[in-house]
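Heads up, the thing below is written out as structure tokens.
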Amino acid sequence: MLFDWLRKKKTPKKPQLPTDPLAAFDQLIEDLERQAAEVRKSAATLLALKGDLTRSQERYLKRLEDISQRRAVADEQGDTKIAQTLERDRAQTEALLNTTRESLNRAEQDGKLLLEAAADLGNRVAELRTERESASARLAVGGLVTGALREQVERFEKVLAVDAARDEIERAHALADIYREERGA
């Protein structure tokens, strides 16, 4: 029993859907704009990372050139210990360069994907804004048409009431004519 009560307490309430159709449009547009802002923020972060990775790649390429030049000098001098150390440095630098290139490639692909997603969200927001304006106009016209139809129905009901009154008057006259004929005969 306690666990049932706790489960009920922990269950988050579902957000209420707006009753106004235009408010539903506004809420969806706001959510999409917020999502687009987050996507653009993530894309900007990846672009900054891409810059850092590009600089690291250039640094590793320069380091490899330096190691290559120093290795050539060590080979000329016949110093095998320095040559071995430089070979280890070269292998480590190439590993770092490969990792950096992979990260740069991944950042470029993810950045493109995020920029496309942001553009798609922007297009969707623009479409929804247009649709919202159209819906707003249709609701306004619908309200006017509904009001006009309501007035027409009221007039029709009045005409029916007048027709019913005329019918009642005619029946009363017919009944009076019948009584006159009976008295006169």
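The values are calculated or read from the model by the stated rules, or taken from the named source; none is laboratory data. Just so we're clear, the structure is a prediction, and the values are computed from it rather than from any experiment. No Cβ is skipped: glycine too gets one built from the backbone with ideal geometry, and neighbour counts run over all protein chains shown. The accessibility values were calculated without ligands, DNA or RNA, using every heavy atom of the protein model including side chains. Shrake-Rupley method; radii C 1.70, N 1.55, O 1.52, S 1.80 Å.
Overview of results
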| read-out | value |
| --- | --- |
| Checking LEU47 against (1) at pLDDT below 90; (2) of a type in the set (A, V, I, L, M); (3) open to solvent by less than 80 Å² (accessible area, probe 1.4 Å); (4) in contact with a helix residue (DSSP H, G or I) (Cβ under 9 Å, 6 or more places away or on another chain), the condition it does not meet | (3) |
| Residue under evaluation SER103, criteria (1) hydroxyl-bearing (Ser, Thr, Tyr); (2) in contact with a Leu (Cβ under 9 Å, 6 or more places away or on another chain); (3) over 24 Å from SER42 (Cα atoms), criterion not met | (3) |
| Where ASP20 falls short, out of the listed (1) open to solvent by less than 80 Å² (accessible area, probe 1.4 Å); (2) of a type outside the set (S, T, N, Q); (3) modelled with pLDDT of 90 or more | (3) |
| Any hit, the stretch 118-130, residues being part of a helix (DSSP H, G or I), in contact with a Lys or Arg (Cβ under 7 Å, 6 or more places away or on another chain) and surrounded by 13 or more Cβ atoms within 10 Å (Cβ to Cβ) | yes |
| Subset of the stretch 50-69 (residues that are in contact with a helix residue (DSSP H, G or I) (Cβ under 8 Å, 6 or more places away or on another chain) and not small (Gly, Ala, Ser)) | LYS50, LEU53, THR54, GLN57, TYR60, LEU61, ARG63, LEU64, ILE67 |
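To keep it simple, each residue is scored yes or no on (1) free of Cβ contacts under 8 Å to residues at least 60 places away in the same chain; (2) of a type in the set (S, T, N, Q); (3) open to solvent by less than 70 Å² (accessible area, probe 1.4 Å).
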| position | (1), (2), (3) |
| --- | --- |
| GLY51 | yes, no, yes |
| GLU58 | yes, no, no |
| LEU64 | yes, no, yes |
| ILE67 | yes, no, yes |
| VAL73 | yes, no, no |
| THR80 | yes, yes, no |
| GLU87 | yes, no, yes |
| GLN92 | yes, yes, no |
| ARG101 | yes, no, no |
